[in-house]
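The values are calculated or read from the model by the stated rules, or taken from the named source; none is laboratory data. In this text, all values refer to a predicted model and were calculated from it rather than measured experimentally. Cβ placement follows ideal geometry from the backbone for every residue including glycine, while neighbour counts extend to all protein chains displayed.
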C-alpha cells in the first residue's frame, strides 16, 4: 500500500507503484486540473508540486511519492503565493485556450517561492519547460511580475 498526501489529505493506493502520478491524480482521485500533454516531461502541462518542488507528474511513478506531499492546481490557491499568481493570471487574462495553464501556474508559484522578485531572465529560465501552443509567454511573464509586486505589498 502506497501512502501519499495530496492537497493536504492522506490517501492510500493499492495499485501499481509504477503508475504515473498524473494518472493516479486524474483517474483515482478525480483531480483533473493537472493535464496530460506529452507524456515525456517535455511540455510542463502536468506540473505539480512534490514537497514544494515542481515535478512532471506524467513521468513520476506513484511509488516514488510514498510518504511525500503533493499539491495540485486544485489546492495551490490556499497558499499565499498561489493565490497571488492565480489572481494575476485572471486579471491579466493570461490563458487563451487554457490547456497548459495549470502547469504554467504551478511553475510560476514554484519560481516565486524561491525568487520573490524575479527578473525576466529568471522567469524565462524557470518557465522554459512549460510550452504554450497559444504563445501567451508575454502575458505569463507579465502576470508573474504582477504577482511578485502584489506579494511585496501583501
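Name every residue in region 1-55 that is loosely packed, with under 13 Cβ neighbours inside 10 Å, under 21 Å from residue 82 (Cβ atoms) and in contact (Cβ under 8 Å) with a residue 40 or more places away in the chain, in order of residue number. Those that are loosely packed, with under 13 Cβ neighbours inside 10 Å, under 21 Å from residue 82 (Cβ atoms) and in contact (Cβ under 8 Å) with a residue 40 or more places away in the chain: 8, 52, 53. Take the residues of region 57-78 that are free of Cβ contacts under 8 Å to residues at least 40 places away in the same chain and buried (at least 17 other Cβ atoms within 10 Å of the Cβ): which is nearest to residue 4 (Cα to Cα)? Looking at residues that are free of Cβ contacts under 8 Å to residues at least 40 places away in the same chain and buried (at least 17 other Cβ atoms within 10 Å of the Cβ), I get 57.
Do you know which residues across region 26-48 are touching a strand residue (DSSP E or B) at 6+ places or on another chain (Cβ under 7 Å) and in a helix (DSSP H, G or I)? Scanning region 26-48 gives a single hit, 28. Does residue 109 count as buried (at least 19 other Cβ atoms within 10 Å of the Cβ), assigned by TED's automatic domain parsing to the domain that holds residue 36 and touching a helix residue (DSSP H, G or I) at 6+ places or on another chain (Cβ under 8 Å)? For residue 109, the condition - buried (at least 19 other Cβ atoms within 10 Å of the Cβ), assigned by TED's automatic domain parsing to the domain that holds residue 36 and touching a helix residue (DSSP H, G or I) at 6+ places or on another chain (Cβ under 8 Å) - is not met. Scanning region 85-99 for residues that are surrounded by fewer than 23 Cβ atoms within 10 Å (Cβ to Cβ), touching a residue at least 60 places away in the same chain (Cβ under 8 Å), assigned by TED's automatic domain parsing to the domain that holds residue 139 and part of a loop (DSSP other than H, G, I, E, B) turns up at least one hit. Against the test of being under 23 Å from residue 136 (Cβ atoms) and in contact with a helix residue (DSSP H, G or I) (Cβ under 9 Å, 6 or more places away or on another chain), the options 60, 87 yield a single qualifying residue, 87. Of the set (1) modelled with pLDDT of 95 or more; (2) under 15 Å from the mean Cα position of the chain (by Cα), all apply to residue 124 but (2).
I'm trying to understand the selection: among the residues of region 104-140, which are assigned to a loop (DSSP other than H, G, I, E, B) and in contact (Cβ under 8 Å) with a residue 40 or more places away in the chain? Of everything in region 104-140, those that are assigned to a loop (DSSP other than H, G, I, E, B) and in contact (Cβ under 8 Å) with a residue 40 or more places away in the chain turn out to be 129, 130, 131, 136.
Taking the listed residues 154, 143, the one that is part of a helix (DSSP H, G or I) and either crowded, with 16+ Cβ neighbours inside 10 Å or at pLDDT below 95 (or both) is 143, with no other qualifying.
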